[in-house]
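Working notes, beginning with the structure itself.
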Amino acid sequence: MEQAPGPDAAFDTRLIAVDVDNDPAALRRRHPDRRRVAIVEATAILHYVAGAGGPPFLMGRIVSVLPGSITVPREWRASLEAYQSDRLPDSSPPPMREPRYRVTVEWGSRFEPRVTGVQPLVPAAPR
């Protein structure tokens with residue numbers, strides 16, 4: 001099922017949890033298309049919801065995707081560094097702005113994510 005873009009379509013993600021299992025091999029057997037389904041380690045929490053006028057059910061949500069970092073091969077570093085902000089890191093989140101580039105990420109056989117492509121959406125500001 002596809003969802004029509006909402007008002008914040010530029011910030012929408014194409015990552016959607018479709019299945020869960022403690023056995024990655026079982027997940028890959030159920031979802032063999034490596035171009036459409038990434039098997040990633042994640043932490044999820046489940047809540048038992050007592051049915052209000054209906055049967056009770058479980059509701060889950062992903063709270064983190066592991067690992068918390070992505071390998072950027074040397075060939076893509078310069079492309080991303082061109083978009084790096086000059087502001088000093090601090091604890092506050094950066095301001096929201098339109099995306100400046102699109103990154104393609106693939107997961108290896110040991111579930112390690114790595115950048116395999118960078119596509120500029122707007123020109124990088126001169127540094």
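Exactly one of (1) at pLDDT 85 or above; (2) touching a helix residue (DSSP H, G or I) at 6+ places or on another chain (Cβ under 9 Å); (3) under 22 Å from Gly117 (Cβ atoms) is unmet by Pro99. Its number?
Unmet for Pro99, out of (1) at pLDDT 85 or above; (2) touching a helix residue (DSSP H, G or I) at 6+ places or on another chain (Cβ under 9 Å); (3) under 22 Å from Gly117 (Cβ atoms): (1).
So, in the range 36-80, how many residues would count as being among the charged types (D, E, K, R), part of a strand (DSSP E or B) and at pLDDT 90 or above?
So the answer is 0.
Could you list all residues from the range 35-74 that are of a type in the set (Ser, Thr, Tyr) and over 19 Å from Glu112 (Cα atoms)?
Tyr48
The values are calculated or read from the model by the stated rules, or taken from the named source; none is laboratory data. Since the structure is predicted, the reported quantities are computational estimates derived from the model, not experimental observations. Glycine gets a Cβ as well: all are built from the backbone with ideal geometry, and neighbour counts include every protein chain shown.
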